[in-house]
Amino acid sequence: MNRLLTYLIFVLTLLPGQIGAKNVNAEIDSLKQISTPQKRVLDIEKRIGELYAGERDTLAFVHWNNCLDLLPKDSTKNIFSVELDKAKLLYRLNRLKVYKAHMSKLRERANGDHYYLGKLDFLHARMVYAAGFLDKSLEYFDSAIGHFEAANSPHDLAKALNEKGVALKNLGDYSNALDAYLNALNHYKVLKNERGFSNTLMNIGVVYKNQGDYKRALKYYRQAQTIFKNTNNFRGLANIYSNIGVLYKKQGKYDKALNEYMKALDIHEELGNSNNIGNVLHNVGTCLHKKGEPHKALEYLYRALEQKSKTGSHFRLSTSYNSVSDIYIDLMQYDSALVNNNKALELALKTGSPELLVNVYETRTILMAKTNDLDEFEKSWAAFKQIDDTLQSLEKSKLIYQIQADYDLQVEKAIKESREKKAVIERRSKEREAKLESEINKEKKKEKQLQQTLVIGGFVLLTLLALSLYSRMISARRNRKELENKNLELQKTLLSKEEKEVLLKEIHHRVKNNMQIIMSLLRLQSANINDTYIQSLYTESQNRIKSMALVHEELYQTRDLTDVNVKNYLEKLVQNLIENYSLKTNIITHSSIEVNSLGIDTLIPLGLLLNEIISNTFKHAFINQNEGRIYVELTRIKDDEICLKVGDNGIGFAADWDQKDSLGQELIESLTEQLDGTIEVSGDRGVHYVINFKEQ
């Protein structure tokens, strides 16, 4: 026996690399504390089977069968536990026929015992849920709950209620999910099971987060966090930190989110779980991207990919590759963006997840527009629209299903209450009639007693009427209270200021992307035109759109959603025009911008105005010149009045130039009027504009 024990301990230390040496040694030390050699061998066999499951399934079966051989025949609970482990592995290996036969055999062996039947239904519910059949899993969760209640097994009952809540939450049935969680919470509280209690608190927080009630979600997260700390449950604590980070990220509080993610990362790295490390690193990367730190974000996303590659999850890998592609698009490194988007698409197609595919195709559509690949742009756009429409249809179906389910529940409740009331009335009526008949038969000849009987009957009727009126009054109060609660819930769903800012940033980001797509389409169209004059018109249109898109880009990247940094914007605009016109002349620019910020209503017409003036300069001012100079000056004259000076050292106006026939000049004058301004133009040693206007 000792030789067998030594052999088993040796095998345990050679198990696959996902189990650290420190953890294995700790487990062996604990196993040595078991009193009898027979029990020690049995526990080691079972533990080896658990560790092999999912890695080397055949060996897992061997060790579990060894357990069954070693267990006493009257050890029903232990035998049943090992048999359930085998059933779980059969389902995961997709050996469904064998699984079904094995479960039928166990059901017969249970012989009507509610505890074992509950265990079987609970296992099957979890397997069906893992396969994606959420509706079907609810039937088996309910059956398991009924059996555990009958068997008076509160621990298993609480666990089944919690798992049912997870399924309902993922189906979008938040009301019933909360009912299941709160029921589980009460059982865990009675059992003083802090682990189950804290996990359920965390699940309740997730429901409120999905409903947009971030304040209440944070309240439950913090309660769970306190318990995890007190019980040294580091894995649970790390999960809480991650969930709180997601909460802050959704509200646009990126610094707070990063602080929570980093705390979660420290714990997961200490525990050595590659999957959780990869998820947290991914969240840190996307948060840094939102914060406007793309290069730092890439570092964390590549670390996330390194960790996720160890687990091989197509879904998680695709998500990170797509986030990397998004950042490279913003950095205008389109080759790198395409490489990562191709990887994301390949993995997303393997998962078949519409939510993942719609994000990957959206990124791909923007990328193809920026790289002028019209064929791929059309394919990606078509795929994106098809999947997006499908998702919207699914959401509508889910909403209709939920409304119908709520309606059916209310109808069923009303019918039940009506039947109960009717039964009460009928019973009382029969009792009253029997009593009256008995009194009449006994006191038939006594008029006085008959009158007393009638008085009693009248009193009973008045009492029933009073009770009915009281019941209606209580019901009316209850309905009024429910309406007040619903109004409070509706008020809580109103968007906060921070959420509005996040949404407004998203709008500016999408407007910028749409304008870039329009520019790309114009550029693709002009590529097929040989007429240089028409091509120049397309270029001018693209430059005008670019001047507007730059405003939205600046608004998306700034923390202040009302004002834009004027200096950054105007310098980018001038540099963009220099690149687009590809002049042979060496252009030297000088800018003096003394106005710090302006609103979008002022900056868009100002940008278009500067675009037209500088475009005219590049087209006419430096003909046959090796070098040219332009200057842009912006100063504030009064609180609401600003002066713009733009000029060059070119050849000046041509002798036959007529400003009335110039579309560019008409636009300049029209935009000046839009700004309530005045314009002065001179042609001395170049062309010089002085425009005074009011801030809008």
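The values are calculated or read from the model by the stated rules, or taken from the named source; none is laboratory data. In this text the structure is predicted, and so the values were computed from the model without any measurement. Cβ: placed from backbone, ideal geometry, glycine included. Neighbour counts: every protein chain shown. Accessible surface is based on the protein model in full, side chains and every heavy atom, while ligands, DNA and RNA are left aside. Shrake-Rupley method; radii C 1.70, N 1.55, O 1.52, S 1.80 Å.
Remarks
- Annotation: extensible slack from K444 through L349 equals 25.2 nm (criterion: 0.36 nm per residue apart, minus Cα-Cα distance).
- Close amide H partners of G686, meaning residues 5 or more places away or on another chain with modelled amide H under 5 Å apart, are G652.
- Span from the region 96-147 Cα centroid across to the region 298-338 one, whole angstrom: 40 Å
- Cut-off under 5 Å, modelled amide H: who pairs with E641 long-range: E695
- Above-threshold pairs, the threshold being 31 Å between Cα atoms, out of K250/K694; K584/K694; K430/K486; K291/K694; K192/K253; K169/K350: K250/K694; K584/K694; K430/K486; K291/K694; K192/K253
- Cα-Cα pairs of region 106-178 separated by more than 17 Å (percent): 39 percent
- Among the listed pairs K229/K249; K290/K370; K100/K189, those whose Cα-Cα separation exceeds 27 Å are K100/K189.
- Computed over region 277-337, Kirkwood Rh from alpha-carbon pairs, angstrom: 11.2 Å
- Positive contributions from Lys and Arg (+1) and negative ones from Asp and Glu (-1), summed over other residues with Cβ under 11 Å from the Cβ of H688, come out at -2.
- Region 172-241: C-alpha pair distances exceeding 18 Å, %: 35 percent
- Per-residue ³J(HN,Hα) for region 183-198, Karplus 6.51 cos²θ - 1.76 cosθ + 1.60, θ = phi - 60°, Hz, x for Gly and Pro: 5, 4, 4, 5, 5, 5, 5, 5, 6, 6, 8, 5, 5, x, 4, 5
- 5 angstrom amide H check on S591, placed H, neighbours 5+ away: V632
- Protection proxy ranking of 328-336, 357-365, 170-178, by the mean of other Cβ atoms within 10 Å over each peptide's residues and highest first, is 357-365, 170-178, 328-336.
- Solvent-accessible surface (1.4 angstrom probe) belonging to D326, in square angstrom, nearest 10: 50 Å²
- With 22 Å as the limit on Cα-Cα distance, the pairs of K572/K645; K219/K481; K619/K645 that go past it are K219/K481.
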